[in-house]
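Asks: Following this message is one structure expressed as structure tokens.
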Amino acid sequence: MVRTSKEFPGVEWIESTENFIKVNQNICTGCAKCLNVCLAGCYELLDHKVKIRSLKECMECSACWYICPEEAIKFSYPPGGKGFKTRFG
Ligand code: SF4
Ligand code: SF4
């Protein structure tokens, strides 16, 4: 299924069933840096740990992976050409 956004014209997402970003709950300290840096609202804080809320609007920017001081985030891209797309490719 292809989804578009009023806030971001020219952008679309081809839905993926893959959890292509994962948080290692054993390492996460709940500092919320990833949650605060994510413009797509993909994260939520529950019981002092961060969890993926939804990757439906993830822009695959990898900012969450980059900012995590504990290296608790495993970042990858959705497989098979799915996920974030712009009109430029
Ligand atoms: S930045 Fe890393 S340690 Fe901090 S809440 Fe996110 S996953 Fe956990
Ligand atoms: S890759 Fe970017 S948009 Fe996706 S969850 Fe991480 S910070 Fe949010």
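Computed from the coordinates by the stated procedures, all read-outs in this text should not be read as laboratory data. Predicted, not measured: the structure shown is a model, and the values here were computed from it. Every residue, glycine among them, receives a Cβ derived from its backbone with ideal geometry; neighbour counts consider all protein chains shown.
Asks: On alpha-carbon atoms, Rg over Rh for the chain using Kirkwood Rh?
Replies: A ratio of 0.98.
Asks: Which aspartates and glutamates have a Cα less than 12 Å from the Cα of Lys56, not counting those fewer than 8 places away in the same chain?
Replies: Glu12, Glu15, Glu18
Asks: Please report the net charge: other residues with Cβ closer than 15 Å to the Cβ of Glu71, K and R +1, D and E -1.
Replies: With Lys, Arg at +1 and Asp, Glu at -1, the net is +2.
Asks: May I pose another question? I'd like the FRET efficiency for Leu45 and Phe88, computed as 1/(1 + (r/R0)^6) with the beta carbon distance as r and R0 of 41 Å, rounded to 0.05.
Replies: So, using R0 = 41 Å, E works out to roughly 0.75.
Asks: Here is a follow-up. When Cys38, Cys58 are ordered from fewest to most other Cβ atoms inside 10 Å of their Cβ, what list results?
Replies: Cys38, Cys58
Asks: Measuring from centroid to centroid over Cα atoms, what is the spacing of region 50-89 and region 1-36 in Å?
Replies: So the two Cα centres are separated by 5 Å.
Asks: Using Cβ contacts closer than 10 Å as the measure, can you line up Arg3, Arg87, Arg53 from fewest to most?
Replies: Listed from fewest to most nearby Cβ atoms, that is Arg87, Arg3, Arg53.
Asks: Given Lys33/Lys82; Lys22/Lys49; Lys6/Lys33; Lys6/Lys74, which pairs have Cα atoms separated by over 21 Å?
Replies: Among Lys33/Lys82; Lys22/Lys49; Lys6/Lys33; Lys6/Lys74, the Cα-Cα distance tops 21 Å for Lys33/Lys82; Lys6/Lys33; Lys6/Lys74.
Asks: At a Förster distance of 22 Å, what's the computed FRET efficiency of Cys31 paired with Met59, Cβ-Cβ distance as r, to 0.05?
Replies: Approximately 0.50, to the nearest 0.05.
Asks: Which shape class applies to region 1-42: rounded if a/c is under 1.5, otherwise prolate when a/b exceeds b/c and oblate if not, where a ≥ b ≥ c are the square roots of the Cα gyration tensor eigenvalues?
Replies: Because a/c hits 1.5 or more and a/b fails to exceed b/c, region 1-42 counts as oblate.
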